[in-house]
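> Pasting in a structure now, in structure tokens, and then I'll have a few things to ask.
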Amino acid sequence: MSQLSKPSIDFGLNFLKRISSQCDSKNILLSPLSVITAYCMVLDGAAGKTEQQIKKVLNLDKINDQSEDISGLIKQVIESYRIPATAGSRQKFILNFGNLLMANKDEKFQKAYVQNLKTNYFADAFNEDYKEGQQIVEKINSWVSNNTKNKITSIINEPPSPLDVLYLVNTIYFEGKWLMPFSKDCTKDDIFHNSDGTTVKTKMMTLSGESFNYVNRHDKQLKIVELPYVGNISMILILPTEDNNLKKVIDDLDSTELSSLMESMKKTYLDTLIIPKFKLEDIHQLHNILPKMGMTAPFQKDAEFPRITEEPLPLYISKSIQKAVIEVFEEGTIASAATVVEGLFMLACSPFSTPLITFIADRPFMFFIRDNKSGVNLFMGQLNNMSHQQFL
């Protein structure tokens, strides 16, 4: 189990709570691991209060052994999926990580910083002439598109200014097939109950007579089911009962509670399992959200980044966003995310059960895509409302 497991869950849940508190009927999708990876690349150049706040908000300060090299932990996760398949082996799923350093060629960077990104993050590193403007935008967007198999084709729109020093970008792409796929013949139009009390007809996928890790926690007024992909990745669905609501479930969750709930799951025969076929896309303005979670210093003009450039420069993060998309369908799931730190900006001035049991997700629920080997939370979200735009 990776030491990044707990931070990826707790940071993701804290982020989800922050977003849903502003609008609890919103559909949300994010990749906690993508944010953590991108900001760990920032963290490697940070010091003082800036370093402390990044660690605290990402929950990296909860890692048991603080002497552990955090970038080394990132490397372990990425490296475990870079091992090439042996001849004749069948690829079980696709999980690709990409990291990019797009540096302003007019600035000199510390060799140790650049080498660390290449070694521990397997980052592509390029020196570019920022005076090219729109060509820089096209190069970054092309890199993101290639690394997400065209699921995310644009992550930045505005060209860099002469004061921009670098861009740091992370991408994650997942493609998995259900261990027990849904039959398209069993996908039917049915009612989904939106969080605002309205209903909508949507495509609902059905599996009958299969066994899953499952629990109905009457004390918590929720059900949990694990839908495995071929390989060691799973989707975890948490469905509140009719007497409960999704916001309360999310508010009560942390990594310890989630682990306890998952440990209570047992292999259970489900008479019927029904979930919607859906596609979600989301975008998060991290430069607005992370400061509200306590990460203010990296975005302020007195931020401390002494380990990036050879000569000390007054650097701070000017803009940062994440885009994420997920498609859940009969054969499996495709999910991708891209997180960009848009330039560190330089200041101009310086047991088996037999009763009939069902899991029918026809109302708001939350979901995780989890690496069962490392325990890392790759993607997470909540589905509150279905609309025609979200049908596949």
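The values are calculated or read from the model by the stated rules, or taken from the named source; none is laboratory data. These numbers come from a predicted model, not from an experiment. Every residue, glycine among them, receives a Cβ derived from its backbone with ideal geometry; neighbour counts consider all protein chains shown.
> In this structure, is Asp196 of a type in the set (Asp, Glu) and at pLDDT below 95?
So Asp196 fits the description; yes.
> Looking at segment 356-375, I want the residues that are at negative phi and have a partner that is among the acidic types (Asp, Glu) with Cβ atoms under 8 Å, at least 6 apart or on another chain. Which pairs are those?
Listed by first residue and then by second, the contacts come to Leu356/Asp271; Ile357/Asp271; Thr358/Asp271; Asp362/Asp190; Arg363/Glu242.
> Scan segment 98-145 for residues that are in a strand (DSSP E or B) and either farther than 22 Å from Ser71 by Cβ or under 21 Å from the mean Cα position of the chain (by Cα) (or both) and jot them down. Reasoning before the result, please.
Residues of segment 98-145 that are in a strand (DSSP E or B), as a first pass: 98-104, 109, 124-128.
If the condition is that a residue be in a strand (DSSP E or B) and either farther than 22 Å from Ser71 by Cβ or under 21 Å from the mean Cα position of the chain (by Cα) (or both), then Gly98, Asn99, Leu100, Leu101, Asn104, Asp124, Glu128 are the ones that fit.
> If you go through segment 191-219, how many residues are in contact with a helix residue (DSSP H, G or I) (Cβ under 7 Å, 6 or more places away or on another chain) and charged (D, E, K, R)?
1
> How many residues are buried (at least 17 other Cβ atoms within 10 Å of the Cβ) and not hydroxyl-bearing (Ser, Thr, Tyr) when one looks only at segment 115-140?
Counting residues in segment 115-140 that are buried (at least 17 other Cβ atoms within 10 Å of the Cβ) and not hydroxyl-bearing (Ser, Thr, Tyr) gives 8.
> For segment 146-181, what are the residues that are crowded, with 19+ Cβ neighbours inside 10 Å, among the hydrophobic types (A, V, I, L, M, F, W, C) and part of a loop (DSSP other than H, G, I, E, B)?
Passing the criteria: Ile152, Ile155, Ile156, Val165.
> Output the residues belonging to segment 16-38 that are buried (at least 23 other Cβ atoms within 10 Å of the Cβ) and assigned to a helix (DSSP H, G or I).
Pro32, Leu33, Ser34, Val35, Ile36, Thr37, Ala38
> Being in contact with a strand residue (DSSP E or B) (Cβ under 6 Å, 6 or more places away or on another chain) and either part of a loop (DSSP other than H, G, I, E, B) or over 18 Å from Ala103 (Cα atoms) (or both) is the filter; apply it to segment 301-311 and report the residue that is modelled with the lowest pLDDT. Don't jump to the end; show me each part of the working.
Of the residues in segment 301-311, the ones in contact with a strand residue (DSSP E or B) (Cβ under 6 Å, 6 or more places away or on another chain) are 301, 303, 305, 309.
The next check asks that each one be either part of a loop (DSSP other than H, G, I, E, B) or over 18 Å from Ala103 (Cα atoms) (or both); those that pass are 301, 303, 305.
Details: Lys301: 88, Ala303: 94, Phe305: 94.
Among those that are in contact with a strand residue (DSSP E or B) (Cβ under 6 Å, 6 or more places away or on another chain) and either part of a loop (DSSP other than H, G, I, E, B) or over 18 Å from Ala103 (Cα atoms) (or both), it is Lys301.
> Next question, about the same structure. Search segment 106-129 for residues that are farther than 21 Å from Asn147 by Cβ and in the same structural domain as Asn146 (by TED's automatic domain parsing) and pair each with any residue that is β-branched (Val, Ile, Thr) and in a strand (DSSP E or B) when their beta-carbon atoms are under 8 Å apart and the residues are at least 6 apart or on different chains.
Glu107/Thr309; Lys108/Thr309; Phe109/Thr309; Gln110/Thr309
> For segment 183-291, please list each of the strands (runs of 3 or more DSSP E) lying entirely inside it that holds at least 2 residues being among the aromatic types (Phe, Trp, Tyr), over 24 Å from Ser34 (Cβ atoms) and under 18 Å from the mean Cα position of the chain (by Cα).
It comes to none.
> Okay, next question. When segment 138-165 is examined, which residues are found to be out of contact with any helix residue (DSSP H, G or I) (no Cβ under 6 Å at 6 or more places or on another chain), over 19 Å from Val42 (Cα atoms) and modelled with pLDDT of 95 or more?
Those that are out of contact with any helix residue (DSSP H, G or I) (no Cβ under 6 Å at 6 or more places or on another chain), over 19 Å from Val42 (Cα atoms) and modelled with pLDDT of 95 or more: Glu138, Lys139, Asn141, Ser142, Trp143, Ser145, Asn146, Asn147, Thr148, Lys149, Asn150, Lys151.
> If you check Glu331 against the conditions, is it of a type outside the set (Val, Ile, Thr) and surrounded by fewer than 20 Cβ atoms within 10 Å (Cβ to Cβ)?
Yes, satisfied.
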